[in-house]
Every structure is written in C-alpha cells, then in structure tokens.
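First the structure, in the form of structure tokens, and then the observations on it.
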Amino acid sequence: MAGATRRRRSDAAQNREAILAVALAALTESGEVSLNAIAKRAGVANATLYRHFPTRESLVLEVYRHEVRQLVSTADQLLAEREPGDALREWVARLAQYAMTKHGLAQAIRAAASPGTALFEETYSPIVAALGRVLAAAEQAGVVRAGLDPDDVILALAGLWEIDPATDWKARARTLYDLVFTGLKADPPAGQIASP
C-alpha cells in the first residue's frame, strides 16, 4: 500500500512539473492560451490540471514563482561553476530570458505582482538578493566597481522588460546589458589607462 501511495505522489509531482513546463512555454508564446490546450500539450487530463491549478490565475502565478526560483538558484550555480565576471554576464542573460517570459505572463501577473503586494516581495526580493551575491563575488574579483547596490543594477536593467519578445530580443538584450556592464566595470588601478 505504501508503494502505491509513493507512486501516486511521484506521478502527481511529475504531472505538476509537466504542466508547469508546458504552461511556461505556452504562456510565453501567447498569454491567451487556454488551460485545455495546456493540459493537452502536457499530456494530462483537464481534471489533472484543474486538480493542481484550479484557476488560470493560480497556474500563471505558480509558473511565475517557478521561474523566479529557477533564476535565483541559477545565481549560486553559476558562482560555483564560473569566474565571477562570467557568472554575472550569464546570470543577466538568464534575467533577460526571464524578462521575456514575463511578457507572456504580464497581463495575468500585473495585478498580483505589483509593488506592495505579497507576491512582489516573494519574487522581487530573492531576485535582488541573488544579483547581490553575484555582484559581491564580481566585486571581490575586481570585475565590477565597489559598492554597487543590486536594486540600482536591477533598475538599470529594467529596459529588458521593454524589449518586444517578437523581435530579435536576445541581440537587443545583449546590447542593453553590455551598456549596463560598461557602467559596472571596476576602475583600473591608479596609473593604468582603462582599455576602450
């Protein structure tokens, strides 16, 4: 009996993850996709989707939370695997991808995630904290200048959210964060001329 219960829980967890993955892709493509279409693409029955996510809003908000958790955990993973400057650049590239995801979810999350709401604090604070860890490592490595406030850097990167995902958003995002990175660079040691 315990084995059957574990198997049901495992199946339920797999179904939930499949629904979230498909919902992320589908909602990024179009904010108008139906829950029935998401269930079909995920290979689950409508009842299974509704058991996990009884409303469209609950699904959209969980997709959003899931993306935030992924973005935050990526910061620590990159710091463990890369040099701090490379980790910062790759994390900001991931932030750009996250911004494109938000475009597809924007209408559904706008009210729920506006400043001052619980969801805003639940999602914004961990992102700023993750960026703070990456910036601190990059500062310690001498890659960025000292004393950068992660809130200010997020504001400088806010243009990522203005890029139309229907365009060549990756190239535009790279151009934008290259401009921001130029402003973040550490000053060269006294007597050394900065490279152009």
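Any read-out appearing in this document is the output of simple, stated calculations on the displayed coordinates, not a laboratory observation. Because the structure is a prediction, the values reported are computed rather than measured. Every residue, glycine as well, gets a Cβ built from its backbone with ideal geometry; the counts of neighbours run over all protein chains shown.
Taken one residue at a time, the phi angles of segment 128-135 give Karplus couplings (6.51, -1.76, 1.60, θ = phi - 60°) of 5, 5, 5, 4, x, 5, 5, 4 Hz. Gly and Pro are set to x.
With neighbour counts taken as other beta-carbon atoms within 10 Å, the residues Val128, Val134 rank, fewest first, as Val128, Val134. From least to most packed, judged by other beta carbons within 10 angstrom and beginning with the fewest, Tyr124, Tyr64 follow the order Tyr124, Tyr64. For the pair His66 and Asp187, a Förster radius of 30 Å applied to the C-beta separation gives a FRET efficiency near 0.15, rounded to the nearest 0.05.
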